[in-house]
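Beneath this line is the structure, given in structure tokens, with notes to follow.
The values are calculated or read from the model by the stated rules, or taken from the named source; none is laboratory data. This is a predicted model, so every value here is computed, not measured. Note: areas computed on protein heavy atoms with side chains; ligands, DNA, RNA excluded. Shrake-Rupley method; radii C 1.70, N 1.55, O 1.52, S 1.80 Å.
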Amino acid sequence: DADAFLRSPKGNCFVVDTKSNKGGVFFDGSVLKRRYGRQVHEFNNGKDLLRAVRGQAGTLKDIKRVRYVQPILCFTRANLEEIKQDQKLGGVYVVGAATLVSLLKQLDKS
């Protein structure tokens with residue numbers, strides 16, 4: 001269910017899963033959750049989005065027969081609350097749409 005598989009000219013591979021949820025998104029120490037005002041909600045009946053995109057990366061690694069696929073979760077409309085977009089959460093970069101391209105460029109330098 002990945003939205004994009006990218007391979008850079010340097011051979012680095014990425015899977016990008018995009019989410020169009022509104023409201024705030026925060027990390028509670030183990031999973032990502034949504035916030036609307038004061039109400040906190042889980043994603044899709046408790047779905048662990050970080051685990052899901054890691055699974056997508058693992059599957060694509062096997063299908064594409066590459067050494068590593070970096071999982072990225074990109075929120076196109078949500079406000080990321082206290083999430084450092086240049087650091088991984090459970091092995092996954094969590095970014096807003098405005099940050100995605102700069103992150104990919106940064107990661108491709110290594």
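Explain nothing, just the number: relative contact order of the stretch 53-110, from Cα pairs under 8 Å at least 6 residues apart, as a whole percent. So the answer I get is 30 percent. Sorting R34, R67 by accessible area puts them as R67, R34; the probe is 1.4 Å, largest comes first, and only protein heavy atoms count. Against the main long axis of the alpha-carbon atoms of the chain, helix 49-64 sits at an angle near 20°. Counting only protein heavy atoms and using a 1.4 Å probe, what share of the accessible area of the chain belongs to carbon plus sulfur, as a whole percent? C and S atoms contribute 45 percent here. Here's how it looks for V69: its modeled amide H is under 5 Å from none belonging to a residue 5 or more places away or on a different chain.
A 1.4 Å probe run over the protein chains yields, for the chain, 61 Å² of accessible area per residue, whole-number rounding.
Expressed as a fraction of 2.2 N^0.38 Å, the C-alpha radius of gyration for the chain is 1.05. Residue-wise HN-Hα couplings along the stretch 21-33, as the Karplus relation 6.51 cos²θ - 1.76 cosθ + 1.60 with θ = phi - 60° gives them from phi, are 4, 9, x, x, 10, 9, 9, 8, x, 9, 9, 7, 9 Hz; Gly and Pro carry x. Helix 97-108 versus the longest principal axis of the chain: what is the Cα-based angle in degrees, 0 to 90, to the nearest 10? The two axes meet at around 30 degrees.
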